[in-house]
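The values are calculated or read from the model by the stated rules, or taken from the named source; none is laboratory data. From a predicted model like this one, the values you see are computed outputs, not experimental measurements. Backbone-built Cβ (ideal geometry, glycine too); neighbour counts: all protein chains shown. Side chains included, ligands, DNA and RNA excluded: accessible areas come from the protein's heavy atoms. Shrake-Rupley method; radii C 1.70, N 1.55, O 1.52, S 1.80 Å.
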Amino acid sequence: APADDDDTAPDDDDTAPADDDDTLPPADDDDSWWGDDDDAAISCPDDGLEDNDFAAVAALLGAGLEPSLVSCEGDEDWYTVDLAAGEQLSVTVSFQNAEGDIDLIVLSPAGVELGASETTADTESVGPITATVAGLHQVRVFLYGDTGSVPGSAYSLQIDVTPASPDPDPTPDPSPTP
């Protein structure tokens, strides 16, 4: 490599102090004729609930808002919500579609799709869905298309659980006959 490390030699190793970057590994040095651009690929950041990339390792959530989540291409986010039979579940994902199109699917404890929202709006919403059985209901959030200026798409997840309604007209037990 030239003593002044000007990034024009094919064998430049990016270790000299005068190098234009010196923070990237030698393998990044493409030594283009017009100067080395040293552009490393920008990766999609993990959020605080990773690693929840498939149903078996889904993050358990209750009712409430989960802000500051990130959906990355090829990296689905799975959540579970423990419901009693008769409870109602509503799920809303809010994001900026211009940064990436996020979609939402809600599944039963058996993995049967109960509802989906796959639009190009800034909000995807499913529910209310009434749980027919008790158990861990699954929520799948995924990036359908990454169209933004940065990898991935930031989103918030709102989960609402409504208690089961009491039977409005319960059938009285028959009176014992004398």
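When Ser156, Ser165, Ser117, Ser125 are checked against the criterion of being out of contact with any helix residue (DSSP H, G or I) (no Cβ under 7 Å at 6 or more places or on another chain) and modelled with pLDDT under 95, a single residue qualifies: Ser165. Annotation: of all residues in the stretch 132-164 being out of contact with any Cys (no Cβ under 9 Å at 6 or more places or on another chain) and not in a strand (DSSP E or B), the one that is farthest from Cys44 (Cα to Cα) is Ala164. When each of Val150, Val112 is tested for being within 21 Å of Ala55 (Cα to Cα) and either at pLDDT below 95 or of a type in the set (Val, Ile, Thr) (or both), the lone residue that passes is Val112.
With the stretch 52-131 as the region, which strands (runs of 3 or more DSSP E) entirely inside it contain at least 2 residues that are more than 17 Å from Tyr155 (Cα to Cα) and open to solvent by less than 10 Å² (accessible area, probe 1.4 Å)? Spell out the reasoning first.
Working: elements: 59-61, 64-71, 77-83, 88-95, 101-107, 113-117, 123-130.
Per the criteria, 77-83.
Every listed requirement among (1) modelled with pLDDT under 95; (2) open to solvent by less than 50 Å² (accessible area, probe 1.4 Å); (3) polar (S, T, N, Q) is met by Ser175 save one, (2).
Considering only residues that are modelled with pLDDT of 75 or more and either surrounded by 12 or more Cβ atoms within 10 Å (Cβ to Cβ) or within 25 Å of Val139 (Cα to Cα) (or both), which ones fall in the stretch 20-51? Result: Ser43, Cys44, Pro45, Asp46, Asp47, Gly48, Leu49, Glu50, Asp51.
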